[in-house]
């Protein structure tokens, strides 16, 4: 049997970094000095408490810019079973620290309201046509239910980019202004992927250990609360946190039951 720590050495990376990291390892590429120095501060065989882990995030951040705090979960779920899928949204008490660009598909009567709530663009046919011509300078799209039937023209484009409004993601709402405000304040979506993992960000390293811990506790408590009733064995198999491009820090899953 292989070393589980070695087998999971990419757990701390967000999906878009995984492929590059594995290719680099296969080429025998060595880690930078900052990364290796940060790795020396971590006991890779230890399962840390939540408070210990977020404190280590500050100490092991390797970037000159304000890095992002990430959390990666391995769950004891079968993504192929519909009754074991988890997906939803939650609001972090201190937000994510990320500036999110939101647009809104709404009728003319709600354009001003949507923009006042923080949308960078709002409209209906005119906005759809703009996107159809190639404009995609936004991070999240919100829509009122009556607008969904109009999005067929750009559904493929939005879907491929993960930008299609979706009721399960909380981005289809009769109250777009409220939804926009929540997203701008730091509402995030969690979703089980095909490998039974959940990946999210929960703040910036500059938040400090206290605020990061509060955000992470809310996040983990929410994941625990949406545990499918069909799951009888272990639910949260592993919890790993990391700063941007930093080493992974493993948290004892038993910490969640105490929240």
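The values are calculated or read from the model by the stated rules, or taken from the named source; none is laboratory data. These figures come from a predicted structure and were not determined experimentally. Note: ideal-geometry Cβ built from the backbone for every residue, glycine included; neighbour counts use all protein chains shown.
Numbers below:
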{"quantity": "Residue within region 67-75 that is part of a loop (DSSP other than H, G, I, E, B), touching a residue at least 60 places away in the same chain (Cβ under 8 Å), in contact with a strand residue (DSSP E or B) (Cβ under 9 Å, 6 or more places away or on another chain) and in the same structural domain as residue 199 (by TED's automatic domain parsing) present", "calculated": "yes"}
{"quantity": "Test: residue 210 is free of Cβ contacts under 8 Å to residues at least 24 places away in the same chain and outside any loop (DSSP other than H, G, I, E, B)", "calculated": "yes"}
{"quantity": "Any hit, region 231-240, residues being in contact with a helix residue (DSSP H, G or I) (Cβ under 8 Å, 6 or more places away or on another chain) and over 29 Å from residue 80 (Cβ atoms)", "calculated": "no"}
{"quantity": "Flag for residue 64 being free of Cβ contacts under 8 Å to residues at least 12 places away in the same chain, over 20 Å from residue 253 (Cβ atoms) and part of a loop (DSSP other than H, G, I, E, B)", "calculated": "yes"}
{"quantity": "Residue satisfying all of: in region 244-259; at pLDDT 95 or above and in contact with a helix residue (DSSP H, G or I) (Cβ under 7 Å, 6 or more places away or on another chain); surrounded by the most Cβ atoms within 10 Å (Cβ to Cβ) among these", "calculated": "249"}
{"quantity": "When residues of region 106-148 are limited to those that are in a loop (DSSP other than H, G, I, E, B), free of Cβ contacts under 8 Å to residues at least 60 places away in the same chain and under 26 Å from the mean Cα position of the chain (by Cα), the one nearest to residue 168 (Cα to Cα)", "calculated": "144"}
{"quantity": "Meets criteria (within 26 Å of residue 219 (Cβ to Cβ), in a helix (DSSP H, G or I) and at pLDDT below 90) for residue 13", "calculated": "no"}
{"quantity": "Region 182-211 - residue that is farther than 29 Å from residue 79 by Cα and buried (at least 17 other Cβ atoms within 10 Å of the Cβ) and, of those, farthest from the chain's Cα centre (by Cα)", "calculated": "209"}
{"quantity": "Residue in region 168-176 that is closer than 30 Å to residue 111 by Cα, surrounded by fewer than 17 Cβ atoms within 10 Å (Cβ to Cβ) and at pLDDT below 95 present", "calculated": "yes"}
{"quantity": "Odd one out for residue 145, checked against (1) surrounded by fewer than 16 Cβ atoms within 10 Å (Cβ to Cβ); (2) out of contact with any strand residue (DSSP E or B) (no Cβ under 7 Å at 6 or more places or on another chain); (3) not assigned by TED's automatic domain parsing to the domain that holds residue 73", "calculated": "(2)"}
